[in-house]
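First comes the structure, then the notes that go with it.
The values are calculated or read from the model by the stated rules, or taken from the named source; none is laboratory data. All of these numbers come straight from a predicted model, not from anything done at the bench. Every residue, glycine as well, gets a Cβ built from its backbone with ideal geometry; the counts of neighbours run over all protein chains shown. Ligands, DNA and RNA are stripped out before the accessible areas are found, and what is left, the full protein with its side chains, is counted by its heavy atoms. Shrake-Rupley method; radii C 1.70, N 1.55, O 1.52, S 1.80 Å.
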Amino acid sequence: MKIFMHDIMHLFVMAGFIAIVAACSPGGVSDQSSALVEAGVEITPLEMAENMYQKSQDLGFAWRATAELIEASKVSQQAGDMDAAQSQIRRAMALAEASIAQAEQEAVDWQTRPPFGP
Amino acid sequence: MNRRQWINTMAVLGATVATLASPLRVLASLRDGFKATTLEGALAEVLHGLPVEESDRIRFKIPDIAENGAVVPVTVSTDIAGVTAISIVIANNPNPLTSRFELSADVLADVSTRVKMGESSMVHVYIETRTKIYTTAKEVKVTIGGCGG
Amino acid sequence: MTGRLLVLPVAWCGAMFVALVGGEVQADPEADRAAFRDFYAQRFPDVPLSEHMNGVYAIDANARSQWLELEDFPLYEIAVDEGAELFEVPFADGAGYTDCFGGAGVRQNYPYFDQDSASVVTLELAINQCREAHTEAPLAYDSRDLVTLVSHIAFESRGAVIDVATPATTAELSAYSAGKRFYQSRRGQLNFACGSCHVQLAGNRLRAEILSASLGHVSHWPVYRLKWQEIGSLHKRFQECISQVGAVAFALQSEEYRNLEYFLTYMSNGLRWNGPATRK
Amino acid sequence: MAAKVKMRGKIKAGIAEVKTLMPHPMETGTRRDADGALIPAHHIETVTCYKNGKQVIVAHWGPAVSKNPFFSFKVKDSVPGDVIKVSWVDNRGERSSGELVLK
């Protein structure tokens, strides 16, 4: 009976988890931002990148390189080098996305590593 | 004590007295040695014209692979008699002359210190007596620390 | 302004992850500790478990001989002397550290889980709590004063057995699990967990370094780290590790690091406190 | 004022092994601070050691001796009660010393 309960719990947790992953996936964030754009609220790519970085930080999985690229893009923007700024923001977003994916993966995987096994 | 030993003793004493009694004269030139940026420049101040001989009577303890170039432990000792100075020269350092110890007859020729090494290098030791300089060298590899501890 | 609109769902996602995973944990600290010790006993059959308090010097002979030479007159002694002097300086209200701690040999009482604040209290926190109780300003966590005080206390506590009470209450287990989770989670661009290096790769070389066992990782702090050219705290080393794998480090004495310290110290129960130490 | 020289020593078969540790930054003059400015050279140049007031060994150093220098030497014909003194002067003219009565 106890095992059964645990399995049910597990299913519930997994279902909840999948829902969260979907909600937190970068696609989810993009959808929200395009919705905002449609509603007439403008969000710059830099703000997008900053939001994604903030999310990775809230999850406790921020990467240094993401922050560095965001800062570098600001410097490029100020210097008027928009090409460089754009490419830095794109790379920052890609890294932020990867770090968020890492957080999602680790939310489960950390429990499977030696020396503590399931 | 025979005549030759006596002369040697007097010579050593003389050199010791000369070194210790006139530190200013020695220092002025020695400071140039510490500023030298080449091995040759450093050696000019250390060897000052005396004949140099490789010797296996020098015990030179320094790690083959330094844990960290910032703190490399060194010990130099020898049973050669009449040692007046010990110099440590690191060939690839920006200023190769690292340290020079001037000894009286009241101490053993046995000193230890810790030195900085910018990169892997030959490390030379020069043991000075009044008439001759004895030398040995070892290669020390320096790896830059990463995920250590 | 627009940024803020997105922060809410983002923060919510983060909170839900923590809540979900928190619910999934069924911690058994005693079984964990046994598994931890057994793992290193098998990985290093020739190394007595207690010797792991000397870190990589327990397993690397070349490094050990240089380390022993530095131990001849260790660089951390300067910090221990400074800390001993500071420990005796009375507060403005006439009290002193002795009024809070009894004596200096109290390293073994920390970290512990404080039920009132429902959080892990480290020695650094306790020193500042003592100061604040006597109307002194707390010391900055990266200050030399704090690290030298801890050095003195560690030195006076050498030989005491590491003996953290087994986490038992829900709150204790939650802090313990958070520390364990932190230890086992891969982070940064290099995608390394603490355990990737110090469990799975322990004893192997990573570039020029031999990786140490985590057993005893907390026993010998503060450390005069040759790379730093100064003495520093355990949490400073945590920051460095996290940063080295490409992740953004947490603050000194953050809840994350205090939980990690709590977990790691419990794992080292039975070994002895032997700080401060020299490390490369 | 510069910190005192830390010293310890022991006599074995009439020879005193003296160990010293000198708190000192030993700046090379080639390092840069966080703002990129050169940190000026600041290092011990000369260490003079005495037994009962008589000079026995002198160390001349450049900046490549490690931070917080360690120096050990061995003094012949030593007996308990002998006083070993070590004093240093750096490139800024700052000085410090330490004293040890052998046991």
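Selection over the stretch D:50-92 of residues that are of a type in the set (Gly, Ala, Ser) and at positive phi gives a count of 2.
Residues in the stretch B:112-126 that are in a strand (DSSP E or B) and more than 14 Å from chain D (Cβ to nearest Cβ): B:MET122, B:VAL125. Condition (residue is in contact with a Phe, Trp or Tyr (Cβ under 6 Å, 6 or more places away or on another chain) and either free of Cβ contacts under 8 Å to residues at least 12 places away in the same chain or within 22 Å of B:VAL71 (Cβ to Cβ) (or both)) applied to the stretch D:23-41: is it met by at least one residue? Checking the stretch D:23-41: not a single residue is in contact with a Phe, Trp or Tyr (Cβ under 6 Å, 6 or more places away or on another chain) and either free of Cβ contacts under 8 Å to residues at least 12 places away in the same chain or within 22 Å of B:VAL71 (Cβ to Cβ) (or both). Looking only at residues in the stretch C:55-96 that are over 29 Å from D:ARG8 (Cα atoms) and free of Cβ contacts under 8 Å to residues at least 40 places away in the same chain, the one that is nearest to the chain's Cα centre (by Cα) is C:GLY96. Screening C:TYR224 against (1) free of Cβ contacts under 8 Å to residues at least 60 places away in the same chain; (2) touching a helix residue (DSSP H, G or I) at 6+ places or on another chain (Cβ under 8 Å); (3) of a type in the set (Phe, Trp, Tyr) leaves a single unmet condition, (1).
Checked across the stretch B:77-87, the condition of being acidic (Asp, Glu), modelled with pLDDT under 95 and surrounded by fewer than 22 Cβ atoms within 10 Å (Cβ to Cβ) holds for no residue. Taking the criterion of being among the polar types (S, T, N, Q), in contact with a helix residue (DSSP H, G or I) (Cβ under 8 Å, 6 or more places away or on another chain), more than 14 Å from chain C (Cβ to nearest Cβ) and without any contact (Cβ under 8 Å) to a residue 24 or more places away in the chain, the only residue of the stretch A:78-114 that qualifies is A:GLN88. The helices (runs of 4 or more DSSP H) falling completely within the stretch C:56-168 that include 2 or more residues that are in contact with a Lys or Arg (Cβ under 6 Å, 6 or more places away or on another chain) map to C:144-156.
Do the conditions hold for B:LEU43, that is, is it surrounded by fewer than 24 Cβ atoms within 10 Å (Cβ to Cβ), among the aliphatic types (A, V, I, L, M), in a helix (DSSP H, G or I) and more than 12 Å from every other protein chain (Cβ to nearest Cβ)? In short, yes. Looking only at the stretch C:227-256, filter to residues that are touching a residue at least 60 places away in the same chain (Cβ under 8 Å) and open to solvent by less than 30 Å² (accessible area, probe 1.4 Å); which one of those is nearest to the other protein chains (Cβ to nearest Cβ)? Across the stretch C:227-256, the extreme among qualifying residues is C:ALA247.
Kindly indicate whether B:GLU139 is closer than 16 Å to B:PRO63 by Cα, in a loop (DSSP other than H, G, I, E, B) and more than 9 Å from every other protein chain (Cβ to nearest Cβ). So B:GLU139 fails the test.
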